[in-house]
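Chemist: Here it is, the structure, as structure tokens.
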Amino acid sequence: MARVSAEHLEARRRQILDGARRCFLRSGFHAASMQDVLKESGLSAGAVYRYFRSKEEIIAAVAEEALETIRSSFDRVAAAEVPPTPDELFTEVFGRLQKSVGAGEDSRELPRLLVQVWGEGLRNPELAETLGDAYGQLSGQWARLVEEYQARGWVDPQADALNVARTLIGAVQGYLVQQALWGGIAPEEFAKGLRALVSMSVPSGREDR
């Protein structure tokens, strides 16, 4: 019996995840069935179950890939000699993530997928742990970037870097929820608003309020 190469196995796994992701983007995690995934991937039930025992395992794999894309994209952009501003970082990471998950021209597709991932974490303890670890790592990445801003005089050196980092993460998460639910603001528009916000100077006499 011929041995199956690692490349072939990875290609089949990729085929399943790409098909599942298209289903999830179109129908949502719970509305999409395993039959939908089978049809979209073009593989038999036996072939799919060789890699994933359930739809929950596929959801977890899709979520983990998205989180890894965020992490690696952040590392790549933040490694620049001059640290990127928050809006530059958001634009780059959002663009890479949108491309990696196969989101189309609709700027609501990626936010909807991410909000579903967060929601799934409320009912799936294993995914919740994965998301918690990812949030901790992302907070640390942002905090190191904020420290770079402080060293360059871009951010108040007395500010707690981790608190600033979590605030910036919260702004991005808020945008994603808003876009998923109601739309109406393109990623480019949010980036402009974020840049205006973080560059806002404090009027004289209000520094200690």
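Chemist: Looking at region 21-40, can you tell me whether even one residue there is surrounded by 15 or more Cβ atoms within 10 Å (Cβ to Cβ), farther than 20 Å from residue 124 by Cβ and of a type in the set (S, T, N, Q)?
Modeler: no
Chemist: Pairs, please: C-beta under 6 Å, at least 6 apart or cross-chain, first residue modelled with pLDDT under 85 and in region 66-79, second of a type in the set (S, T, N, Q) and open to solvent by less than 30 Å² (accessible area, probe 1.4 Å)?
Modeler: 74/141
Chemist: Restricting to region 140-153, and then to whatever is hydrophobic (A, V, I, L, M, F, W, C) and touching a residue at least 12 places away in the same chain (Cβ under 8 Å), can you tell me which residue is farthest from residue 87 (Cα to Cα)?
Modeler: 143
Chemist: Hey, residue 180 hits all of (1) more than 28 Å from residue 65 (Cβ to Cβ); (2) small (Gly, Ala, Ser); (3) under 15 Å from the mean Cα position of the chain (by Cα) but one; which does it fall short on?
Modeler: (1)
Chemist: I'd like to know if region 59-68 contains one or more residues that are among the β-branched types (Val, Ile, Thr) and under 19 Å from residue 116 (Cβ atoms).
Modeler: Checked region 59-68: at least one residue is among the β-branched types (Val, Ile, Thr) and under 19 Å from residue 116 (Cβ atoms).
Chemist: Kindly provide the set of residues from region 119-148 that are loosely packed, with under 12 Cβ neighbours inside 10 Å, closer than 18 Å to residue 75 by Cβ and not acidic (Asp, Glu), ordered by number.
Modeler: 136 - this is the single residue of region 119-148 that is loosely packed, with under 12 Cβ neighbours inside 10 Å, closer than 18 Å to residue 75 by Cβ and not acidic (Asp, Glu).
Chemist: For region 149-184, which positions are in a loop (DSSP other than H, G, I, E, B) and open to solvent by 40 Å² or more (accessible area, probe 1.4 Å)?
Modeler: Those that are in a loop (DSSP other than H, G, I, E, B) and open to solvent by 40 Å² or more (accessible area, probe 1.4 Å): 152, 153, 154, 156, 157, 158, 160, 182, 184.
The values are calculated or read from the model by the stated rules, or taken from the named source; none is laboratory data. In this text the structure is predicted, and so the values were computed from the model without any measurement. Positions of Cβ are generated from backbone atoms using ideal geometry, with glycine treated the same way; all protein chains shown enter the neighbour counts. Side chains are part of the model used for accessible areas, which takes the heavy atoms of the whole protein and leaves out ligands, DNA and RNA. Shrake-Rupley method; radii C 1.70, N 1.55, O 1.52, S 1.80 Å.
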